[in-house]
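Have a look at the structure below, then the notes.
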Amino acid sequence: MYGDDRVDPLCVRAAPPRVPDFAAVHAALDGARAELSRAGALGPEGRFPCVVLELLRVEESSSGVLALGDVPRARGSSFAVTGRAWVQTSRGAPFSRDTGDVRRSVRLEAGATVGADAARQRRALSAAADALGRALVQRVLGLPVPSDGSR
C-alpha cells in the first residue's frame with residue numbers, strides 16, 4: 001500500500017494508556033514486537049523511528065445466557081480490545097502511517113468455577129490484545145488488514 005518493500009527497523013512503544021489494564025497494553029506491545037520481528041523490521045528499543053500503540057478500549061460482553069429457573073447464568077464471554085498505531089520518525093515529528101481504529105476480539109465459554117473463569121478471561125484478554133498488536137503492525141507495514149476481527 002505504501003509502495004516500498006523495504007522496511008526501516010522500527011521500535012515499539014506505548015502511548016499514554018487510556019485503559020486501566022496494563023496486562024493488555026503489554027500483550028499488545030508483545031504482539032507488535034513479534035510481528036515486526038517476523039517481518040525483519042524490529043529495531044532497537046528507545047530509538048526512532050518507532051511504532052506507537054495506543055489502546056483505546058477494552059470491552060467484555062456476554063455471548064450467551066442460560067436461564068435456570070429464576071437464575072440467569074453466563075454461558076460465555078467476549079473480550080474485545082480496540083486500538084490504533086502510528087509511526088513517529090523522531091521526537092516531536094508529525095505522525096505517519098496512522099492505522100485508524102482496529103479491533104480484535106476473542107470469545108470463550110464460561111468455566112466451571114469462578115477461579116477457572118478468571119484465569120481463562122485473563123488469557124483471552126491477552127490473546128485479543130496480542131492479536132491487536134500484530135494487526136496494527138501489519139497495517140503500519142502496509143498490509144491489507146480488516147479493521148475488525150475475531151478469533
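The values are calculated or read from the model by the stated rules, or taken from the named source; none is laboratory data. The structure displayed is predicted, hence computed values, not measured ones. Note: ideal-geometry Cβ built from the backbone for every residue, glycine included; neighbour counts use all protein chains shown.
Inspect region 124-133 for any residue being of a type in the set (A, V, I, L, M, F, W, C), modelled with pLDDT of 80 or more, in a strand (DSSP E or B) and within 19 Å of the chain's Cα centre (by Cα) and give the result as yes or no.
No: region 124-133 contains no residue that is of a type in the set (A, V, I, L, M, F, W, C), modelled with pLDDT of 80 or more, in a strand (DSSP E or B) and within 19 Å of the chain's Cα centre (by Cα).
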*asked:* On the basis of being surrounded by 12 or more Cβ atoms within 10 Å (Cβ to Cβ), touching a residue at least 24 places away in the same chain (Cβ under 8 Å), among the small types (G, A, S) and more than 20 Å from R134 (Cα to Cα), does S77 make the cut?
replied: yes
*Can you spot a residue in region 62-73 that is without any contact (Cβ under 8 Å) to a residue 60 or more places away in the chain and not in a strand (DSSP E or B)?*
yes
*asked:* It is to be established whether one or more residues within region 84-99 are among the basic types (K, R), over 10 Å from the mean Cα position of the chain (by Cα) and crowded, with 19+ Cβ neighbours inside 10 Å.
replied: no
*For region 80-100, name all the residues that are at pLDDT 90 or above and either in a loop (DSSP other than H, G, I, E, B) or of a type outside the set (G, A, S) (or both).*
V81, T82, R84, W86, V87, Q88, T89, R97, D98, T99, G100
*Conditions: (1) without any contact (Cβ under 8 Å) to a residue 60 or more places away in the chain; (2) under 19 Å from P17 (Cβ atoms); (3) crowded, with 19+ Cβ neighbours inside 10 Å. L56 meets all but one. Number of the miss?*
(3)
